[in-house]
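Participant: First, the structure itself, so that you have it in front of you.
Laboratory data are not the source of any read-out in this text; all were calculated from the coordinates shown. Computed from a predicted structure; not experimentally measured. Note that each Cβ is placed from the backbone with ideal geometry, even for glycine, and that neighbours are counted across all protein chains shown.
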Amino acid sequence: MSCYLQPSQYQTYGLAPDVTDDWITAASSLIDSHCRRISLNPTQYTERLRMVEGSQTVRLSNLPLVAVAPATSPFVSIQARYAKPRRGQAVFPLQEEVLWAFSLPGAWTAVDPTTVDFVADTGELIFPLNILGLPYNEVAVTYTAGLATLPDAILCACAQIVKNAQATPGLNVKASKVDTMWLQYFSASLIDPTVQAMLKPWVSVRMG
C-alpha cells in the first residue's frame, strides 16, 4: 500500500509531528484513486491499445515510463498484431492485398522492444512495420511506470489532503483508526482544486 509521506517529513510539509500513520496511508490511497493508478511509485501495468488508421503510434496511460533496475528498459514485453481493415476503413491497394494472402491476420507476434521508439514523459510509442511491410493495428504492452523519487508536488498534495480532512467538520480527527472508504465519501472536499492541480501531471490519461 502506498504511503507518500514519512514521519520525518511531517513537519516539513506542515503537519503536526503526532499525526498517525493511518492518516498518511488514507491520504495516499485517495491520491492513487484520484490518479486512477495502482500507485505513483514504479508499478507494472499491461495495456492493450488500438492504433489509429494510418498511424504507427500509441500512447500509454500511466506516466512517466521508467526502468526498474536491473532492467534498462521500461518494457517487460510488447506484442502486436495486424488484421484486415475494420468496417469503414480504407481498402488496401492490390499490392497489400497480395501480402495479406501470405500473412496470418489476427495473430499476435512478439515485438523486440529495442525496435520501438518511445518518449518516457508522454508515453508515446512508435512502432515499425512488420516484416511483410504491413501496419500493426493493435498492440499489448507490459511496462513499468511511476516515479523513482516523489516530487514535492505529490508530498504537498498528501499533506494537504490530511489538513483538509482535519478541517472537515464531518470527520473525527481523534479517531484511532482512519477508514479509507470513509474518507472517500468526503473526497470531493478533501481533493480540492489546489490538490487536483498538484496531481494533474500524474492522472492516468486513459478514459473509463
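Participant: At residue 46 and residue 18, where each label point lies 7 Å from the Cα along Cα→Cβ, what is the point-to-point distance in nanometres?
Facilitator: 4.9 nm
Participant: What's the exposure ranking of 180, 114, going from fewest to most Cβ atoms within 10 Å?
Facilitator: Starting with the residue having the fewest Cβ neighbours, the order is 114, 180.
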